[in-house]
Amino acid sequence: MRKLRYRAFCLLLVLTPVIYLISACSCNCGKNTDGTGTVKGYITVIGNEPFTHLAIRTKEGKNLALQCSKELKNDLLKKQGRLYLIQFGDALQEDGMTILVVEKAIPIERGDN
């Protein structure tokens with residue numbers, strides 16, 4: 001019984017750093033090999049005035065804030081509720097919110113899903 005406890009303890013000591021290492025690795029989730037990523041969803045506004053953010057809502061229900069030029073932001077605000085493919089370079093984390101730095105916004109027709 002003592003050997004079994006010792007082996008389990010040793011296994012735990014070996015696996016714990018490995019699990020932390022794996023979880024700490026930077027992930028390229030949603031990113032292409034050229035460093036850009038894409039996400040598809042509906043243009044929306046999140047938050048309450050005066051703290052609103054332009055965002056995209058994915059089909060999984062996740063809201064991702066968008067950081068883009070003033071011209072693109074004004075254009076997308078007029079297109080709320082429409083389906084878009086967003087190409088982004090960086091994905092930042094700020095106050096528990098994911099912010100995508102938009103490089104390009106491509107409208108998608110409803111039949112192109």
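The values are calculated or read from the model by the stated rules, or taken from the named source; none is laboratory data. In this text the structure is predicted, and so the values were computed from the model without any measurement. Please note: Cβ atoms are built from the backbone with ideal geometry, for glycine as well, and neighbour counts cover all protein chains shown.
Points to keep in mind about this one:
- Residue match in the stretch 82-103 (condition: basic (Lys, Arg) and modelled with pLDDT under 90): no
- Qualifying residue in the stretch 44-51 (condition: in a helix (DSSP H, G or I), at pLDDT 90 or above and surrounded by fewer than 12 Cβ atoms within 10 Å (Cβ to Cβ)): no
- Within the stretch 51-74, the set of residues being over 19 Å from Arg110 (Cα atoms) and more than 12 Å from the chain's Cα centre (by Cα) comprises Phe51, Thr52, His53, Leu54, Gln67, Cys68, Ser69, Lys70, Glu71, Leu72, Lys73, Asn74.
- Test: residue in the stretch 65-72 that is assigned to a helix (DSSP H, G or I), within 17 Å of Gln87 (Cβ to Cβ) and either out of contact with any Cys (no Cβ under 8 Å at 6 or more places or on another chain) or not acidic (Asp, Glu) (or both): yes
- Breaking point among (1) assigned to a strand (DSSP E or B); (2) at pLDDT below 90, for Ala55: (2)
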